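The values are calculated or read from the model by the stated rules, or taken from the named source; none is laboratory data. Small disclaimer: the values here were computed from a predicted structure and weren't measured. Here the Cβ is made from the backbone with ideal geometry for all residues, glycine too, and neighbour counts use every protein chain on show.
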Amino acid sequence: MIVFILGTTAEAIKIAPIVRRLDAQNIPYQIWLTLQHTVALRKILPSLGFHEPDEIIANGKNGEPLRSALDAAFWLVSIVMWSLKRSRSLRKELPKNSIVVVHGDTMTSVVGALIAKRLGLRCAHVEAGLRSGNWRHPFPEELDRRIVGKLAAIHYTPSEEATNNLRSRPNVIWTHGNTAIDAVLDQTESHETAFEKYGVVLLHRYEFLANKELVASTLETLAAETPFPLHFFVDEYAKETLSDTLPAANSDMIRIQEKLKHEDFISLLKNSQFIVTDSGGIQAEAALLGTPTLIHRMATEQREGLGENISLSKWDIGALSAFLLNFEEYRRSSSRPEFSPSDIIVGDLLAQGIARGA
């Protein structure tokens, strides 16, 4: 049995292509949720093709998304309580060759790997081996990746560099890309054309939101210097932080929006003039689409698109200003990769005898 443990919308988007391929081959699997994101995750799962969850490990903090370290501590305690209650029965219910699959660099990734260990199961890590080279940036995501890298038994790496980072580990499989590629390519082709020019902004990482001065200067620069209106997407867990700062930007050029369905969001990215984000998932999607993109982070563990249509700001507001002025220089044609990362992952699970048709 394959058990996917996820807790954020980004994890769901990148795991969905694997799940769709399992469904196509009638291969059974289970979905366990930590609901690190609550409302947003529950909302997006059906649109991505997920069935009802088999286990609810935790439910944020009393059904609300995690917004602080205290919330995270409460959430972790509830996970421990679930583990104490369910571990013994799950060991009996799950086949011996079952595997837990986690994704990326979230707290849920670490939790999932630890749950696998407690249940005596192997853990497979999707998007493994990525390293920024600095444990403080992005924080805590870089630490999360390193911890899961130690706990996982199978590592699905998206790049040659990530593969080399894990060269001393067994069971490292190069997937030739990020499953975000499949998340984009699996969508029905959209031929809609945008009549209004606009930019897209999504800034949601903890290390950014915790830096109040950076948040303020970033929003002020975006409001003052953007050449087009901005679709500014605010995650439910970032809403409180950004809503306090956005009025200070005092600009009609920033339009606050809640998250869209993934297919609608991809269409919006494709037709946008530029993107400003700190999302690694959007970096992979933008690299495929060729849309000019600024990664507003101190460091990134991903290499897709860098030096082409994507630039890294290193939190330099001057770099943000320069990008808004010269974004057109970064535009590239969209590309279609030779390999499907999700096909490679499912093929490996089949080859190892973990995945079997019902």
Q. Scanning the range 292-340 for residues that are over 26 Å from residue 173 (Cβ atoms) and among the polar types (S, T, N, Q), which turns out surrounded by the most Cβ atoms within 10 Å (Cβ to Cβ)?
A. 293
Q: Could you list, in sequence order, all residues of the range 1-43 that are among the acidic types (Asp, Glu) and over 24 Å from residue 61 (Cβ atoms)?
A: 23
Q.
Restricting to the range 199-237, name every residue that is of a type in the set (D, E, K, R) and more than 24 Å from the chain's Cα centre (by Cα).
A. 213, 220, 225
Q) Which residues, taken from the range 103-112, are crowded, with 24+ Cβ neighbours inside 10 Å, of a type outside the set (Ser, Thr, Tyr) and not in a loop (DSSP other than H, G, I, E, B)? A) 103, 111, 112
Q: Determine whether residue 105 is closer than 29 Å to residue 302 by Cα and either touching a residue at least 24 places away in the same chain (Cβ under 8 Å) or touching a Ser or Thr at 6+ places or on another chain (Cβ under 9 Å) (or both).
A: yes
Q) Counting only residues that are over 19 Å from residue 180 (Cα atoms) and touching a strand residue (DSSP E or B) at 6+ places or on another chain (Cβ under 6 Å), how many does the range 2-30 have? A) 4
Q | Residues that are in contact with an Asp or Glu (Cβ under 7 Å, 6 or more places away or on another chain) and without any contact (Cβ under 8 Å) to a residue 40 or more places away in the chain, drawn from the range 12-31 | A | 30, 31
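Identify all residues within the range 261-288 that are aromatic (Phe, Trp, Tyr) and under 15 Å from residue 331 (Cβ atoms); write none if there are none.
If we filter the range 261-288 for residues that are aromatic (Phe, Trp, Tyr), which is where we start, we get 265, 274.
Within the range 261-288, just 274 meets the criteria.
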Q. Has the range 18-27 got any residue that is in contact with a Leu (Cβ under 7 Å, 6 or more places away or on another chain), in the same structural domain as residue 150 (by TED's automatic domain parsing) and either of a type in the set (Asp, Glu) or under 22 Å from residue 147 (Cβ atoms) (or both)?
A. no
**Q.** strands (runs of 3 or more DSSP E) contained entirely in the range 124-219, each with at least 2 residues that are within 30 Å of residue 326 (Cβ to Cβ)
**A.** 199-202
Q.
Being free of Cβ contacts under 8 Å to residues at least 24 places away in the same chain and touching an Asp or Glu at 6+ places or on another chain (Cβ under 9 Å): is that true of residue 51 here?
A. yes
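For (1) crowded, with 20+ Cβ neighbours inside 10 Å; (2) over 23 Å from residue 277 (Cβ atoms); (3) in contact with a Phe, Trp or Tyr (Cβ under 9 Å, 6 or more places away or on another chain); (4) outside the structural domain of residue 265 (by TED's automatic domain parsing), each residue gets a yes or a no:
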| residue | (1), (2), (3), (4) |
| --- | --- |
| 127 | yes, no, yes, yes |
| 146 | no, yes, yes, yes |
| 150 | no, yes, no, yes |
| 156 | yes, yes, yes, yes |
| 160 | no, yes, yes, yes |
| 164 | no, yes, no, yes |
| 184 | yes, no, no, yes |
| 187 | no, no, no, yes |
